[in-house]
Amino acid sequence: METIYTEKHKLRDAKTELCGGELVEPFERPSRAEYVLDRVRETDLGPVSDPDDFGMDPILAIHDTEFVAFLKTAPARWKEAGFNGEAIPTTWVGRRMSHIRPNHVEGQLGYYALAGETSLTEGTWEAAYASAQVALTGAARIRAGAGAVFSLCRPPGHHATADMYGGYCFFNNAAISAQHFLDQGAKRVAILDVDFHHGNGTQDIFYDRSDVFFISLHGDPLETFPYHLGHAEETGSGAGTGFNLNFPMPPDTPFDVWQAALHKGLARIAEYKPDVLIISLGVDTFETDPISFFKLKSDDFLTMGADIASAGLPTHFIMEGGYDVDEIGVNAVNVLQGFERAN
Ligand SMILES: NCCCNCCCCCC(O)(O)C(F)(F)F
Ligand SMILES: [Zn+2]
C-alpha cells in the first residue's frame, strides 16, 4: 500500500497544550508522524510519496473562507495584541450569547474554537494546508485505480467543522477527501471513524446530507472529549436522516465489544453501497493510550484491518489520532497490514 507523507507536518510544532490547568508539551506532536513513517518503512508497506498540490479550492469546498483566513492570521495578530504565549482561547460563545463575530483576536479565538487545549502557532496553517494536500493526493490515487492508500496526515482533522477548530484539528482532512470524491463524480461516500474520539467535525459537516454516510465508534461523550456531540440518538437531519450512525462506548471497552459495533457499522455500509470508503484512522483506542480509555491490543488492529477489507471497497485511510507511545506506529500499520493480508 502506498503512503502519502510530507515533512511539512513539522511546521505544526506547538510548545504548549492546556491540560489539567497546566501548559504541557502537546500530545499531538511531530514525533507521532515519524513513529508511523518509521514503521511504514520497517515493514516495507509500500512506496512513500510526497503530496501533489491541489490548492485552496478543495479546502474551501468544506471550510468557511473567513475561518480559513482567521487560522492563517491569528498567531501574528495575537503577538501584535501584546500576548506572549501561544494563542489559546479564554472566552466561549456561551448559552444565549451573541453569534456576532468579535473584531479582537482574543474574541475571535473563542468564536472559532470548539475546545481550549489546542494552541495556534506560526506554521500551524501551513501544516494543516499540507495535511489536506496529503489527503487529497490519497484520494487522487484511489480515483486513479488504487484499491487502497494511506494518507499519513498530521495535524489530524476529524474534530474540525466548516468554521471551528480544536481537539488538535484545523482542516477536516477526511471531509475534504470525501467532498473531492463527490466533486470528481462519486455518488456516495462512506466515512468510518475508528479514532477513540467522536468525529464531531465530520458529523457536523455532512449531518443534513445523504451523499456521505458518517459512522463513528468512540468513547461515550458523557465521559470523554469532545463531550458535546457523539450520542447514539444523533442520526442525521433533513435529507441526512439515517445517514449518521454513532456507537458511543464506555470506559474499558475491550476489542470484542468494539468489534461487534464495527461489524454493525460495516453491515450498514454494505447496504449503503458507497463508491469509496474513507477511514478516519486514529489508533488512540490502544490500551495504553495516555488520553483515552479503550483496551484494544496491538494484534486487534490487524483484525480491524481485515474486517475493514471485508467491505470490499476502494479504501482511503487517513491518519487521525493516537498518542506518544512507541506502539502508535505498530498499531497504525497493523491496520494497514491486516487490510492487505485479507485482500
Ligand atoms: N488533557 C487531555 C485532553 C485532550 N483533549 C483533546 C483530545 C483531542 C483528541 C484528538 C483526536 O485524537 O481525536 C484527533 F484524532 F483529532 F487527533
Ligand atoms: Zn482521538
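Structure notes:
- Remark on the range 64-179: Rg and Dmax equal 15.7, 52 Å (Cα only).
- Computed on the range 1-148, the Cα convex hull volume stands at 143 Å³ per residue.
- Mean Cβ neighbour count within 10 Å, used as a protection proxy, ranking 257-263, 206-212, 87-93, 168-174 highest first: 168-174, 206-212, 87-93, 257-263
- Once the Cβ-Cβ distance of Gln184 and Ala69 is raised to the sixth power relative to R0 = 25 Å, the FRET efficiency obtained is 0.45.
- Percent carbon-and-sulfur accessible area, the chain, ignoring ligands, DNA and RNA, probe 1.4 Å: 51 percent
- Placing a pseudo-label 7 Å from each Cα along the Cα-to-Cβ vector at Ile100 and Leu222 gives an inter-label distance of 4.0 nm.
- Top of Leu23, Leu37, Leu120 by mean-square fluctuation, Gaussian network on the chain, Cα under 10 Å: Leu23
- Taking a ≥ b ≥ c as the square roots of the eigenvalues of the Cα gyration tensor, the chain is classed as rounded, since a/c falls below 1.5.
- 20 Å Cα-Cα reach of Lys72 towards lysines, excluding residues that sit fewer than 8 places from it in its own chain: Lys8, Lys10, Lys15
- For Lys10 and Ala232, the FRET efficiency from 1/(1 + (r/R0)^6), where r spans their Cβ atoms and R0 equals 45 Å, is about 0.70.
- Percent of C-alpha pairs per 5 Å bin in the range 140-212, short distances first: 3, 15, 27, 26, 18, 10, 1.
- When the Gaussian network model of the chain links Cα atoms closer than 10 Å, the mean-square fluctuations of Arg96, Arg141, Arg77 top out at Arg96.
- Cα centroid separation - the range 237-266 against the range 318-343, whole Å: 20 Å
- A cut-off of 5 Å between modelled amide H atoms, ignoring neighbours fewer than 5 places along the same chain, links Ile278 with Ala190, Ile191, Leu192, His316.
- Between the helical axis of 31-42 and the longest alpha-carbon principal axis of the chain there is an angle of about 20 degrees.
The values are calculated or read from the model by the stated rules, or taken from the named source; none is laboratory data. All values reported here derive from a predicted model rather than from experimental measurement. Here the Cβ is made from the backbone with ideal geometry for all residues, glycine too, and neighbour counts use every protein chain on show. Just so you know, the surface numbers come from the protein's heavy atoms only, side chains and all, with ligands and any DNA or RNA stripped out. Shrake-Rupley method; radii C 1.70, N 1.55, O 1.52, S 1.80 Å.
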